[in-house]
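The structure appears right after this line, and notes come after that.
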Amino acid sequence: MKTISVISRKGGTGKTTISMQLAIHHYLAGKVVMLADTDPQLSSIESLKIRPTEGPQGVASTGPKIFTLQTNARRAGVDLLVIDTPPGREDDILPAISLSDLAVMVVRPTFLDLKAGALTARMIVQLQRPGLILLNQTPACLDGAEQLQVQNALEALALLGLPIAPVYVRARVEYQDALATGVSVAELAPGGAAAAELATVADHIDKLATQLSRKSLRSFG
Ligand SMILES: Nc1ncnc2c1ncn2[C@@H]1O[C@H](COP(=O)(O)OP(=O)(O)OP(=O)(O)O)[C@@H](O)[C@H]1O
Ligand SMILES: [Mg+2]
């Protein structure tokens, strides 16, 4: 079983959006997926509740309970555990990072997100756990090039000591509509740009988490 946590110290960066999209994407690919929502707002659970068809299993949890949940999920044959986390609360974020094969740090290319991103990245680095920075709500390219705001964000993020996903999640209304209806962007708009982008992001994260979980198994053996 792989565990991926989706984190950021800052609110509203897109943790729930990315958690939901990853969980539903892998569910639709045939995996047994559990989405643990450790945010007291329970946004992922609320979104899953309005899902029109079967989907990933949503479980409300908290940081301190994640270890037990992970053990039970492994025993129950879950293939992928996605952990959506609340902003700010170290008690919930630290256990999620510690127990993950990969902690995905979601950040928008804005001044305040980048400032908070430095703190979030420090948590991952200090715990010596694998992390990945995922740019979300990125504006579209202009004349085939990333806008200055994105270029500046990439420069700042490069200093944080974590890899940056080579594919960015763009600001698209499909992500908002998908969250409001409990579906993936591929279900909402099959064959669309958001669906293609999300599939590439999910694939990159999955491959990285697979490599890292193999590495940690080898180090135990
Ligand atoms: N790529 C995107 N394009 C457009 N809108 C987005 C995108 N990602 C997230 N949003 C919107 O931004 C808002 C915040 O997203 P979301 O709830 O996923 O963030 P969050 O980090 O989980 O917030 P919180 O810290 O409150 O838990 C939502 O309205 C969501 O629809
Ligand atoms: Mg959220």
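Conditions (1) within 13 Å of ligand 2 (Cβ to nearest atom); (2) in contact with a Gly (Cβ under 6 Å, 6 or more places away or on another chain), marked per residue:
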| site | (1), (2) |
| --- | --- |
| THR3 | no, no |
| VAL33 | no, no |
| GLN41 | yes, no |
| ILE50 | no, yes |
| GLU54 | no, no |
| THR68 | no, no |
| GLY77 | no, no |
| ILE83 | yes, no |
| ASP101 | no, no |
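Only one of the numbered conditions (1) outside any helix (DSSP H, G or I); (2) at pLDDT below 95 is not met by LEU119, and that is (1). With respect to ASP91, is the statement that it is part of a helix (DSSP H, G or I) and within 11 Å of ligand 1 (Cβ to nearest atom) true? Against the criterion (part of a helix (DSSP H, G or I) and within 11 Å of ligand 1 (Cβ to nearest atom)), ASP91 does not qualify.
Considering region 41-88, and only residues there that are surrounded by 17 or more Cβ atoms within 10 Å (Cβ to Cβ) and among the hydroxyl-bearing types (Ser, Thr, Tyr), the residue that is nearest to VAL185 (Cα to Cα) turns out to be SER47. Quick one: would you say LEU134 is away from ligand 2 (no atom under 16 Å from the Cβ) and either surrounded by 13 or more Cβ atoms within 10 Å (Cβ to Cβ) or at pLDDT 95 or above (or both)? It is false that LEU134 is away from ligand 2 (no atom under 16 Å from the Cβ) and either surrounded by 13 or more Cβ atoms within 10 Å (Cβ to Cβ) or at pLDDT 95 or above (or both).
Scanning region 147-194 for residues that are without any contact (Cβ under 8 Å) to a residue 12 or more places away in the chain and either part of a loop (DSSP other than H, G, I, E, B) or surrounded by 20 or more Cβ atoms within 10 Å (Cβ to Cβ) (or both) turns up GLN147, PRO190, GLY191.
The values are calculated or read from the model by the stated rules, or taken from the named source; none is laboratory data. None of the values given here were measured: they were computed from a predicted structure. Heads up, the Cβs are rebuilt from the backbone with ideal geometry, glycines too, and the neighbour counts pull from every protein chain shown.
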